[in-house]
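The values are calculated or read from the model by the stated rules, or taken from the named source; none is laboratory data. Note that the structure is a prediction, hence the values are computed from the model and not measured. Here the Cβ positions follow ideal geometry from the backbone for every residue, glycine too, while neighbour counts run over all protein chains shown. Each accessible area value is taken on the protein alone, full model and side chains, heavy atoms only, with ligands, DNA and RNA left out. Shrake-Rupley method; radii C 1.70, N 1.55, O 1.52, S 1.80 Å.
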Amino acid sequence: MQDRAAKTRRQLIRSAAEVFDRSGFAGSSIGQICALAQVSQGALHFHFRNKQALGEAVQSAAAEILLCVTGQVPAWHPAPLQLLVDTSHALARRMAGDLVLRAGFGLAHDPGWRGGASPWQHWRDWARGVLHLARRQGSLAPGVDLDDAVAAITAVMAGVEGLERDPDRARAVQSVAPFWRLVLPQLAADAVRGRIDAAGARGEGAGGAARPGGESPSARRRPDGRPLPYACVAMTDGELCGVPYREMSGSAS
């Protein structure tokens, strides 16, 4: 019974994300979400007291997925700017294939939504942390303004998120490398500039660790061997989650 309830909850979150992504929060209804999820309104209200609670669950799931993509800001990294580039590519790919993540970012600038913490704030904080690390390790060019750099990096990812709604989503993913080719000459110190691949390093995940080949999402496990929760298992682009996850709450609050 618990497994079936968890499956229904995940199904409702994904269906809500699809409806929010297509119609916006104000333009979506409980009836549309239930019809897409193929569950009754009674089943929905068992898990979520109203549409607001469902929107909060979508944002919470999106935050988990985003943390899976970025990981925490490391205390040290051999190539922090390459980490930033690689992670921006991983995030663009993930937004192209993950409705829940895309809807979580979309709700953050939806005029009909009044919700909690925005995933954009996590992205800004993470990017700023990696840039601070690059500065401490001497990888950042002198005189780079961190506020300007974070604003530019966030703006291009916001543009990618908007382009993901275009039928030709490949354009969104492909727009990340030209941005970095333009920006890296101003961002990177002379000593590392020629060693950063604007198209993203090959064969590595966002955290800089080699990805095992051929591993299916359902086979991924935490370090203690337990299965990862929905947000990590749902990954679609072959990235391996490298951070511990909080379990998604089992009921609406």
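A few points about this structure:
- Distant-in-sequence amide contacts of Ala188, defined by a placed amide H-H separation under 5 Å and a gap of 5 or more residues or a different chain, comprise Ala141.
- Probing with 1.4 Å while keeping every protein chain in the model, the per residue accessible area of region 89-150 equals 39 Å².
- If R0 is 45 Å, the Cβ-Cβ spacing of His132 and Ala6 corresponds to a FRET efficiency of close to 0.70.
- For Leu66, the accessible area of its heavy atoms, probed at 1.4 Å with every protein chain present, is near 0 square angstrom.
- Phi angles across region 73-90 convert, under the Karplus curve 6.51 cos²θ - 1.76 cosθ + 1.60 with θ = phi - 60°, into 3J(HN,Hα) values of 5, x, 6, 8, 8, x, 8, x, 5, 5, 4, 4, 4, 4, 5, 5, 5, 4 Hz, Gly and Pro given as x.
- Rounded to two decimals, the Cα radius of gyration of region 43-99 over 2.2 N^0.38 Å is 1.54.
- When you filter the trypsin sites (Lys or Arg not before Pro) in region 104-189 for DSSP loop state and at most 16 other Cβ atoms inside 10 Å of their Cβ, you are left with Arg114, Arg165.
- For region 28-42, Karplus couplings with θ = phi - 60° (6.51, -1.76, 1.60), whole Hz, Gly/Pro x: 9, 10, 4, x, 4, 5, 5, 4, 5, 7, 6, 10, 7, 5, x
- Size of region 1-104 as Cα extents on the principal axes (Å, biggest first): 52, 31, 19
- Surface/4 of the Cα convex hull for region 101-148, nm²: 4.3
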